[in-house]
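Below is one structure, written out as structure tokens; comments come after it.
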Amino acid sequence: MLFRFEAGSSPALLLLHGTGGDENDLLGLGRLLRPGAALLSPRGEVLENGQPRFFRRLAPGVFDEQDLIRRTYDLADFVEDHRERQGLGRIIAVGYSNGANIAASMLVLRPGVLAGAILFRAMVPLELPHPPQLGGIPVLIIAGRRDEMVSADQPQRLATLLIRGGAEVTLALQDAGHGIGPDDFQLAADWLAKNFGTGSG
Ligand code: MLT
């Protein structure tokens with residue numbers, strides 16, 4: 001898996017780009033959200049018409065569930081491997097769109113890997129027979145009211161799924177579409193400082 005890594009303080013940020021992005025896309029956002037934090041930023045290994053993604057989809061918003069599950073486990077293993085090698089400690093996912101969807105999938109399929117997550121423009125990644133075991137970890141979902149990719153019921157359904165698993169979910173609805181901008185970043189930075197402090201540790 002191609003990736004960028006920047007050494008820094010803990011908690012580290014796991015940066016997960018959207019469809020058509022790559023490992024460089026969210027480094028600037030990571031530095032902005034939490035200056036000095038360690039950053040781990042992989043590139044999704046699926047190509048859709050030449051555009052990198054973290055898992056296959058059958059149509060916009062319709063996921064190949066088997067592929068999603070397999071690649072979620074692969075990504076979780078990649079993260080655990082780096083945690084050990086680089087001594088990263090706690091890791092918070094910061095995902096946008098397709099990256100937010102695999103972060104949400106990792107929360108429910110591999111709880112324990114992430115200490116928290118910021119999900120920009122996320123959807124419900126998959127339906128599970130049992131609630132996930134999230135043990136009170138904080139999750140911020142930032143949705144856009146005018147999002148043309150994510151149907152209006154999705155953010156609340158995702159919040160409900162994570163709350164059932166015991167996560168401390170904050171759901172923010174922005175007056176925005178699928179794209180993200182300074183208002184989203186400010187919310188995310190404030191949430192990080194509130195839940196994880198401003199220093200290292
Ligand atoms: C997805 O496939 O994860 C969602 O449709 C979001 C996207 O990548 O456009």
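Quick notes
- Estimated inter-spin distance, residue 70 and residue 183, nm [label 7 Å along Cα→Cβ]: 4.1
- Surrounding net charge for residue 26, when Lys and Arg each add one and Asp and Glu each subtract one, Cβ distance under 15 Å: +1
- 5 angstrom amide H check on residue 174, placed H, neighbours 5+ away: 143, 144, 145
- Calculated log₁₀ intensity ratio I(q)/I(0) where the Debye formula runs over C-alpha points of segment 1-106, q = 0.12, 0.21 Å⁻¹: -0.36, -1.05
- Size-normalised alpha-carbon gyration radius of segment 3-196, reference 2.2 N^0.38 Å: 0.92
- Calculated mean residue ellipticity, 222 nm, the chain: -10500 deg cm²/dmol, from DSSP H runs (n ≥ 4) at -39500 (n - 2.57) each, averaged per residue and rounded to 500.
- Computed over protein heavy atoms with a 1.4 Å probe, the accessible surface of the chain works out to 44 Å² per residue.
The values are calculated or read from the model by the stated rules, or taken from the named source; none is laboratory data. Remember, it's a predicted structure, so these values are computed and weren't measured experimentally. Virtual Cβ from ideal backbone geometry, glycine too; neighbours counted across all protein chains shown. The accessibility values were calculated without ligands, DNA or RNA, using every heavy atom of the protein model including side chains. Shrake-Rupley method; radii C 1.70, N 1.55, O 1.52, S 1.80 Å.
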